[in-house]
Each structure stands twice: as C-alpha cells, then as structure tokens.
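Have a look at the structure below before the remarks.
The values are calculated or read from the model by the stated rules, or taken from the named source; none is laboratory data. No experiment lies behind these values; they were computed from the predicted model shown. So basically every Cβ, Gly included, is an ideal-geometry build from the backbone, and we count neighbours across all protein chains shown.
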Amino acid sequence: MRGTVPPDPLVSATLGARWFDAMMRRRAREIAARSGLAAALPREGLLLDIGAGLGHLAEAVLAEAPGRRCLGLDPRWSPPAPLAARLRAQMPGRLGWIRGDGMAIPLAEGAVDGVWIAFVLHHLPPDTQRAVLAEARRVLRAGGVFALLEDTPRDGAERARTERADRRLNFEPADLPHHYRAPGEWPALLAAAGLSERRRVSFRRIFPPASLRPVQHTGYICAG
Ligand SMILES: C[S@@+](CC[C@H](N)C(=O)[O-])C[C@H]1O[C@@H](n2cnc3c(N)ncnc32)[C@H](O)[C@@H]1O
C-alpha cells in the first residue's frame, strides 16, 4: 500500500469498501498460514508489525491466539474506519497503531516478543533495508521471534511479473522503484542484523491472483 493514493477518492472509497475488506482478510489469512508466520510467532505477549499497511495481516495473526497483542507501525497507512471499528468490536484493546518509520521505532530495546516485516523491504533501498532490520532486532527481546516475508523473484522474467503484480495490488505509480532480492540473498542481511534464520518457507498463488503466472514469495523465520 505504498504510493500517492490517499487523496484519490476512488482509491479511498475502495479501501473502505466491504468487498475490499473481505478480499484483504482472505489474502491475509492465506499469507499468515502459508508463510508459517502465524504458527511461528509467540502465542502470548506483544508483537510488532513493521509496515503494517491497513492492518489485515495483524488481524490474521491475532485471530490465531487470544493471548497475543500487536502494534502496527506504518508511516502513512492505518486501518480504514470500517476495519478499525470491526477490530475494536472483535478484538478489543489488542491492536494498537503507531504512525512511524521502521528506521526509528519509538519502542525500548527488547520491548516486544515477536516482530514481522511483510512485503515492505523490497520498497526500500538497501541502506534503509539494513536500518529497518537493525531496528527490528533492537526492539525484539532476547529469544523472541522475527519473521521476514518478501517477494523473491528468481530471475528477470519472474521479477517483471512480480513488479506488475505489486503495482496492481498496491495502487502504485508506474515509476516507483523496487529492490527485490532472490531467495538466497536475504539471509546475509538478516545475519548482519543479528537475526539467524531458523526456517525458510516458499509460497505462491496467494489470493487474489494479480498475474497469470504465479509470483514467488519467501518467509524467513528467525531467532533474535
Ligand atoms: C506493500 S505494503 C505491505 C503492507 C502489509 N505489510 C501487508 O503485507 O499487507 C508496504 C507497506 O510498507 C510501508 N512502509 C514504507 N516505508 C516504510 C518504512 N520506512 N517503515 C515502515 N513501513 C514502511 C508502507 O507505508 C506500506 O504500508
């Protein structure tokens, strides 16, 4: 959900529509289950979703375990009013929101039990990717769980397909750059931030289909 869009009335109406909410909920449930994210995170305690977008993935993770609470951090998005109202009614007090940047998270060292970053880092240049991973490590308690979910095209054709799908799904302007990495490239960055990979999960064909041929995604489950 990165781009220029909030003032566009058509996009704003779409983000608040029930059909869009239903589509995003299904997408988030599939991602949380098929990436291993929902199962890997601690079932109790405070979690942090960096680049949480509209909040659907946080909702899917919270729905799996009543002992979880979560903060969603995002520099420009938050749940649209109908979703915020639904979350307040269905999981009162369990999802909070921070308007902020992943490079400077306003939380103390070791403040959270689990952190994830889903489909955010390929929108950021390499130095910013490193800075956000270092911040994620800083706020994660010792022994906590970190997860990175990314689009991970393996060659030029897959990269072009991934970029087309990204632009469609996120209402992106055509000139927005992407900084994808192949599946084998992320672990070195994770290790440099002090996050050691424990499990890697490849997944494809997440709803809704945004390209005819599937796009490759990878989940990296790490220990802090
Ligand atoms: C493609 S969306 C992914 C949203 C959500 N994680 C999901 O999987 O549905 C990318 C998100 O990253 C956020 N973002 C961009 N730069 C960021 C930064 N420096 N720190 C934290 N979030 C950022 C954007 O605002 C946007 O909500």
- Message: Here's a check for you: in region 170-205, which residue that is touching a Phe, Trp or Tyr at 6+ places or on another chain (Cβ under 8 Å) and part of a helix (DSSP H, G or I) is nearest to W116 (Cα to Cα)?
- Response: L190
- Message: On the basis of being at pLDDT 95 or above, of a type in the set (D, E) and surrounded by fewer than 19 Cβ atoms within 10 Å (Cβ to Cβ), does E172 make the cut?
- Response: no
- Note on the structure: Taking region 144-163 and the residues there that are within 14 Å of the ligand (Cβ to nearest atom) and free of Cβ contacts under 8 Å to residues at least 60 places away in the same chain, the one that is nearest to F203 (Cα to Cα) would be T162
- Can you name every residue in region 18-32 that is of a type in the set (A, V, I, L, M, F, W, C), touching a residue at least 12 places away in the same chain (Cβ under 8 Å) and touching a helix residue (DSSP H, G or I) at 6+ places or on another chain (Cβ under 8 Å)? M24, A28, I31, A32
- Query: Residues of region 191-223 being closer than 21 Å to M24 by Cα and charged (D, E, K, R), which ones?
  - Reply: R204, R205, R213
- Task: Considering each residue of region 140-169, count those that are assigned to a strand (DSSP E or B) and in contact with a Pro (Cβ under 8 Å, 6 or more places away or on another chain), and give that number.
- Result: 2
- Under the condition of being in contact (Cβ under 8 Å) with a residue 12 or more places away in the chain and more than 15 Å from the ligand (Cβ to nearest atom), which residue from region 175-184 is surrounded by the fewest Cβ atoms within 10 Å (Cβ to Cβ)? A182
- Message: If A193 meets every condition in (1) surrounded by 17 or more Cβ atoms within 10 Å (Cβ to Cβ); (2) small (G, A, S); (3) over 30 Å from R141 (Cβ atoms) apart from one, which number is that one?
- Response: (3)
- Query: Is it the case that region 116-139 has a residue that's away from the ligand (no atom under 15 Å from the Cβ) and not in a helix (DSSP H, G or I)?
  - Reply: no
- Message: For region 53-98, give me each residue that is of a type in the set (D, E), touching a strand residue (DSSP E or B) at 6+ places or on another chain (Cβ under 9 Å) and either surrounded by fewer than 21 Cβ atoms within 10 Å (Cβ to Cβ) or under 15 Å from R29 (Cβ atoms) (or both).
- Response: E59
